[in-house]
1. Please identify the pairs in which a residue from the range 249-263 that is touching a residue at least 12 places away in the same chain (Cβ under 8 Å) has its Cβ atom under 7 Å from the Cβ atom of a residue that is in a helix (DSSP H, G or I) and of a type in the set (Asp, Glu), counting only partners at least 6 apart or on another chain.
2. Can you tell me which residue within the range 191-215, out of those that are under 19 Å from ALA154 (Cα atoms) and among the aliphatic types (A, V, I, L, M), is most open to solvent (accessible area, probe 1.4 Å)?
3. Is at least one residue of the range 73-87 under 42 Å from the mean Cα position of the chain (by Cα) and within 29 Å of SER180 (Cβ to Cβ)?
4. Pull out all pairs, ordered by first then second residue, where Cβ-Cβ is under 6 Å, the residues are six or more apart or on different chains, the first lies in the range 38-56 and is assigned by the TED database to the domain that holds GLU86, and the second is surrounded by fewer than 16 Cβ atoms within 10 Å (Cβ to Cβ) and hydroxyl-bearing (Ser, Thr, Tyr).
5. Pick from the range 62-71 the residues that are surrounded by 15 or more Cβ atoms within 10 Å (Cβ to Cβ) and out of contact with any Cys (no Cβ under 8 Å at 6 or more places or on another chain): which of them is modelled with the lowest pLDDT?
6. Condition first: in a loop (DSSP other than H, G, I, E, B) and at pLDDT below 80. Can you find one or more residues in the range 452-475 that meet it?
7. Where residues in the range 231-260 are among the acidic types (Asp, Glu) and open to solvent by 80 Å² or more (accessible area, probe 1.4 Å), which of them is nearest to TYR178 (Cα to Cα)?
8. Would you mind stating whether PHE278 is out of contact with any Cys (no Cβ under 9 Å at 6 or more places or on another chain), surrounded by fewer than 16 Cβ atoms within 10 Å (Cβ to Cβ) and of a type in the set (Phe, Trp, Tyr)?
Amino acid sequence: KMAAVAGAAAGLWSEVNRCGQNGDFARALKSVNKILQINKDDVTALQCKVVCLIQNGNFKEALGVINTHTKVLTSDIIAFEKAYCEYRLNRIESALKTIQSASQQTDKLKELYGQVLYRLERYDDCLAAYRDLIRNSQDEYEEERKTNLSAVVAAQSTWEKVVPEDLGLREATYELCYNSACALIGQGRLNEAMKKLQKAEELCRQSLSEDSDVTEEDIEAELAIIHGQMAYIMQLQGHTEDALQLYNQIIKLKPTDVGLLAVIANNIITINKDQNVFDSKKKVKLTSAEGVEHKLSKKQLQAIEFNKALLAMYTNQADQCRKLSASLQSQSPEHLLPVLIQAAQLCREKQHVKAVGLLQDFADQHPANAAEIKLTMAQLKIAQGSVTKACMILRSIEELQHKPGMVSALVTMYSHEEDIDSAIEVFTQAIQWYQQFQARTNYDCCVFQPKSPVHLSLIREAANFKLKHGRKKEAISDLEELWKQNPKDVHTLAQLISAYSLVDPEKAKVLSKHLPSSDTLSLKVDVDALENSHGATYVRKKAGKLTGDNQQKEQGQGEAKKKKKKKKGKLPKNYDPKVTPDPERWLPMRERSYYRGRKKGKKKDQVGKGTQGLTTTGSSELDASRTASSPPTSPRPGSGAAVSATSNVIPPRHQKPAGAPATKKKQQQKKKKGAKGGW
């Protein structure tokens with residue numbers, strides 16, 4: 001019976017060996033299980049079972065077998081397999097402990113150790129591990145190790161802002177080119193990075209096209225990460241439309257890498273900002289896919305969470321925004337962005353006072369970030385209209401109060417509030433700071449240092465400001481300081497003389513002697529070159545050479561022009577040279593001294609006093625008292641006997657003035673001719 005069992009076991013082992021060589025690990029696992037039924041504590045069979053499960057991707061089951069048989073499968077025997085299962089199950093800390101607890105550090109464990117350190121973002125230790133592996137290994141995996149080494153350097157450049165050292169790696173593969181491009185992006189050398197990515201794309205196409213089984217879709221899927229990095233560079237350079245187009249093309253390919261999709265979706269959300277919110281809400285789902293947290297670095301995940309909080313704020317999801325920002329703040333208490341997002345949400349809810357209080361509390365707890373927080377607080381105060389309080393907050397930022405930009409902002413704000421004294425005080429404090437800094441520099445270096453350009457420019461701006469606001473005496477001291485530093489500065493001297501002329505004219509006269517003479521100020525200007533220069537409003541025509549008849553014609557024309565005389569003005573027809581002209585003839589008649597006005601009473605009978613259209617010529621005829629047919633007495637008002645039925649006399653209301661029909665026709669003709677003007 002024992003012989004039969006041994007024979008069956010031998011046959012099963014042969015089956016396991018054959019399946020293992022063919023890569024049929026599922027079938028090999030069945031044979032191993034049959035062996036374990038014969039001997040459940042067979043160490044070799046248990047090892048084979050773990051390997052078969054790992055090859056089939058059943059890492060959890062493989063780890064369960066290891067943990068169940070700890071007495072048989074000791075750490076010395078199965079350390080690598082256990083650490084690898086933990087690594088693939090994203091139990092990175094456990095994998096590190098397993099590797100470190102192994103009694104013997106094999107090459108396989110060292111390789112895995114480098115991967116674990118990279119996932120833990122311990123880049124310095126990881127770099128040292130890979131250097132040691134490359135130095136002490138000689139096999140067909142050298143290219144892969146160099147690729148991993150370049151990935152570590154790229155991560156240092158991107159996330160830790162470390163200037164990468166030149167590893168001297170020959171960029172013969174597209175993976176090495178891609179990692180080199182990532183390192184250049186971390187340094188801000190975007191144009192060089194784009195060229196590296198283009199080279200990586202070319203190498204990738206060449207490498208994959210050599211395999212006949214690889215389709216064009218497979219090549220595009222492999223190029224997706226390179227194209228994603230190209231789009232990121234475009235986005236950084238401000239070409240957002242091109243970047244967005246390339247991002248969407250990658251999403252249409254539906255790549256299997258959830259990390260790549262999450263990064264692209266996040267970048268699209270940053271382009272959309274508070275616009276196209278519906279698209280952003282669809283894209284944000286890609287950032288929450290299963291397994292994303294194991295594919296991206298901590299800073300990438302943090303950036304995605306920040307953008308989720310901002311998107312919640314833009315979509316008016318106040319509770320969700322507060323929840324996300326509070327979670328971020330608990331994870332990174334010293335980080336500035338969560339507090340700023342909370343303050344922005346409060347401002348959207350019109351709770352400005354609460355927002356300022358929140359920022360003030362954070363500034364008190366984290367003095368290192370106080371400057372940025374106070375700048376935000378000042379902005380909120382300005383939005384509320386409290387400019388003076390904003391100025392007080394800005395002046396409390398000691399490390400910025402002497403900066404030219406801060407001085408300019410404070411002076412502008414104080415001028416807006418018409419607080420000239422405070423504005424001058426800002427100038428004075430900044431100038432004093434630079435003077436003290438200059439004194440410290442002189443003391444440390446033990447040599448004379450000239451005044452800094454910033455210091456002198458502040459003095460000049462202060463002087464101009466004081467002159468503008470009528471502080472002549474204060475401006476004079478600043479101008480004297482400037483002139484003392486540069487006695488050849490004519491502009492400063494002119495300003496100083498101008499200021500003294502209003503305060504002390506005698507001093508202005510004394511200083512004016514230092515002005516250069518007019519001879520020294522004369523400029524040697526080539527008038528012809530200036531007139532013929534591009535952009536001159538007047539260009540003198542170049543005189544051509546005149547020869548022969550042309551020259552004589554020109555001379556003749558010149559003489560003719562000289563002989564021309566002015567025409568005599570026309571005199572009036574009744575002009576009498578013996579009589580002196582009236583000196584008031586140019587004045588209107590009413591304004592002349594001898595004007596007496598019109599004489600009254602003349603042509604009085606010609607003035608019509610009837611209805612409109614009544615003429616003076618027919619007034620006697622229309623007088624009813626002078627007609628033969630009229631009754632001796634005037635008719636009573638309203639009676640119809642005033643005019644006889646047989647009389648040829650037309651009543652005044654119906655009588656047309658003499659010449660009226662002709663006049664009306666002329667008026668109508670005039671209207672027809674001038675019909676364009678319109679009434």
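The values are calculated or read from the model by the stated rules, or taken from the named source; none is laboratory data. Owing to the predicted nature of the structure, the values given are computational and were not obtained by experimental measurement. All Cβ positions, even for glycine, are placed from backbone atoms using ideal geometry, and neighbour counts span all protein chains on display. SASA here: full protein model, heavy atoms, side chains in, ligands and nucleic acids out. Shrake-Rupley method; radii C 1.70, N 1.55, O 1.52, S 1.80 Å.
1. Filtered contacts from the range 249-263: LEU253/GLU220.
2. Taking the candidates together, the pick is MET194.
3. No; the residues of the range 73-87 include none that is under 42 Å from the mean Cα position of the chain (by Cα) and within 29 Å of SER180 (Cβ to Cβ).
4. none
5. The initial filter retains those residues of the range 62-71 that are surrounded by 15 or more Cβ atoms within 10 Å (Cβ to Cβ), namely 62-63, 65-66, 69.
Those left that are additionally out of contact with any Cys (no Cβ under 8 Å at 6 or more places or on another chain): 65, 69.
Details: VAL65: 91, HIS69: 87.
Among those that are surrounded by 15 or more Cβ atoms within 10 Å (Cβ to Cβ) and out of contact with any Cys (no Cβ under 8 Å at 6 or more places or on another chain), it is HIS69.
6. Yes; the residues of the range 452-475 include at least one that is in a loop (DSSP other than H, G, I, E, B) and at pLDDT below 80.
7. Checking each candidate, the answer is ASP242.
8. It is true that PHE278 is out of contact with any Cys (no Cβ under 9 Å at 6 or more places or on another chain), surrounded by fewer than 16 Cβ atoms within 10 Å (Cβ to Cβ) and of a type in the set (Phe, Trp, Tyr).
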